[in-house]
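Asker: Here it is, the structure, as structure tokens.
The values are calculated or read from the model by the stated rules, or taken from the named source; none is laboratory data. In this text the structure is predicted, and so the values were computed from the model without any measurement. Because the Cβ atoms are built from the backbone with ideal geometry, glycine has one as well, and the counts that use them run over all protein chains shown.
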Amino acid sequence: MFSFLRRMDPSRRRLLLTCFYAFFCSGMVSLMLGSAMPDLKRSWGLSDSFSGVLLSAHSIGNMVAGFVSGIVPFWLGRRRSIALLASLAFLGMTLMAVTGAPGLLFAAFVLTGVGRGSVTNFNNHTVNVLTDGSPAAANILHACFAVGAITAPMAFLLLSRIAAWQAGLFFVVLCGVAAVFLFFRSQVPDDRPDRKQKEARTMAFLKEPAFLVFAGMMFCYICSEYAINGWLVTYLQHKQSLFTAMGEGGIAAYSQSMATLLWAVILAGRLTCAWLSRKVSQKILMFVASIGMAACFAGMLLASAVPVVTGCIAGMGFCMAGICPMIYSDAVHYTNTYPLATGTLLAFGATGGILMPALVGFLAQSGGFEMSMTAILVSIVLLTVFSAVNTRMKTRKGVSET
């Protein structure tokens, strides 16, 4: 599973490990925003509606990063640009801890989105280049994100009890400063892309059916993941059968534990996919995983017994674990050839991350959570359709410029 590490020279191995560590930090940033939101609301007097705007601002920054992080390296080089753009995420978290001014808070969430999105863009592209699109490497990279996502809520809870809620944010900032330093010291292949090369400026890959299938898969997957992450706890607390069985106190603890379980299983699933991808085509793995994800999510919506709901959530996390990293890995021809391709995939995904959580909230307000969560199921079914099409697609060696 780690054979790609043994084939690397020391400088490339250090860069790969830096990407792994930076994605761990990115996972902490992602989950720390949700962990800190109740304290942000209480300390800065934020309304529920403005809190929702802030979460959307983070997704907007993530989408902007898809384009900015693909263009800035032409002027600053890849090494300097990722060090600069990654630092924006931790600048944003510092602003959250020290000010409650609405405009600055909005800017802070946008900055965290730009920083996180830039790290996602750089890491997925760089790991694909360093490992020649190894699915195992892509899954291990995203497993590091899952470790950070699991670590963040526990670190926030511990540090907020020892000191104050801001301590959790500053902990992530310190970890992020180390990641920025490591990026700045790294030796990055093809550090300054040639702006005169046709591939550096073109978006002709958008004419390719195979790339559009990858984009559709990314859009549907991020629709599902962001909406599940954002609404799972609230949905479980509003599920009448669980509330009746556990009561108010029990359902609150259960719903939070299910969010932790989801990411713990995602971590296990990504490590499993890293091993399986050596034996099974990643196109087949994504198709089977999409079917499993749809079945488990539907089971969660239909089930009323606590053990069944728990099993469906665990199964859903295990199935969804490897889909995103394998999309990046399967698109390696485009992302390695065209500097804007990785950012474009990220932008498609970020668009889904903006739209679906808001749609679920709107539908829940008008028709309740039981109905609104079916919108997520629709996106998972569409993901399955795209995955089925992808099993029949072959990535072409060239893209027409005309």
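Asker: Quick test for you: out of SER186, SER224, pick the one residue that is at pLDDT 85 or above, of a type in the set (Gly, Ala, Ser), within 30 Å of THR151 (Cα to Cα) and not assigned by TED's automatic domain parsing to the domain that holds VAL68.
Answerer: On the way: SER186 fails: not assigned by TED's automatic domain parsing to the domain that holds VAL68.
Checking each option against the conditions leaves just SER224.
Asker: Check ALA210 against each of (1) assigned by TED's automatic domain parsing to the domain that holds ARG12; (2) modelled with pLDDT of 90 or more and name the one condition it does not meet.
Answerer: So ALA210 meets the others, but not (1).
The rows are residues; the columns are (1) modelled with pLDDT of 85 or more; (2) surrounded by fewer than 19 Cβ atoms within 10 Å (Cβ to Cβ); (3) more than 20 Å from the chain's Cα centre (by Cα).
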{"position": "ARG6", "(1), (2), (3)": "no, yes, yes"}
{"position": "ASP9", "(1), (2), (3)": "no, yes, yes"}
{"position": "CYS19", "(1), (2), (3)": "yes, no, no"}
{"position": "PHE23", "(1), (2), (3)": "yes, no, no"}
{"position": "LYS41", "(1), (2), (3)": "no, yes, yes"}
{"position": "GLY66", "(1), (2), (3)": "no, no, no"}
{"position": "PHE74", "(1), (2), (3)": "no, yes, yes"}
{"position": "MET96", "(1), (2), (3)": "yes, no, yes"}
{"position": "ALA101", "(1), (2), (3)": "yes, yes, yes"}
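Asker: Can you tell me how many residues in segment 135-157 are under 19 Å from MET96 (Cβ atoms) and either buried (at least 23 other Cβ atoms within 10 Å of the Cβ) or of a type outside the set (S, T, N, Q) (or both)?
Answerer: So the count comes out to 7.
Asker: OK, next. Restricting to helices (runs of 4 or more DSSP H) lying wholly in segment 285-402: which have 3 or more residues that are polar (S, T, N, Q) and farther than 30 Å from ALA245 by Cβ? Don't jump to the end; show me each part of the working.
Answerer: Values: elements: 306-320, 323-330, 332-337, 339-367, 369-372, 374-390.
Because the criterion is at least 3 residues that are polar (S, T, N, Q) and farther than 30 Å from ALA245 by Cβ, the helices (runs of 4 or more DSSP H) in segment 285-402 that meet it are 332-337, 339-367, 374-390.
Asker: Out of VAL360, VAL332, VAL309, VAL288, report the one residue that is at pLDDT below 90, outside the structural domain of ALA138 (by TED's automatic domain parsing), closer than 27 Å to ALA264 by Cβ and among the β-branched types (Val, Ile, Thr).
Answerer: Details: VAL332 fails: closer than 27 Å to ALA264 by Cβ; VAL309 fails: at pLDDT below 90; VAL288 fails: at pLDDT below 90.
None of the others qualify; the one that does is VAL360.
Asker: Would you check if there is a residue in segment 328-335 being surrounded by fewer than 19 Cβ atoms within 10 Å (Cβ to Cβ) and either over 20 Å from the mean Cα position of the chain (by Cα) or of a type in the set (Val, Ile, Thr) (or both)?
Answerer: Of segment 328-335, the ones surrounded by fewer than 19 Cβ atoms within 10 Å (Cβ to Cβ) are none.
No, the conditions are met nowhere in segment 328-335.
Asker: Mind telling me which of the residues GLY61, GLY70, GLY100, GLY66 ends up being touching a Ser or Thr at 6+ places or on another chain (Cβ under 9 Å), outside any helix (DSSP H, G or I) and at negative phi? Quick ask: steps written out before the conclusion?
Answerer: On the way: GLY61 fails: outside any helix (DSSP H, G or I); GLY70 fails: outside any helix (DSSP H, G or I); GLY66 fails: outside any helix (DSSP H, G or I).
Going through GLY61, GLY70, GLY100, GLY66 in turn, the sole match is GLY100.
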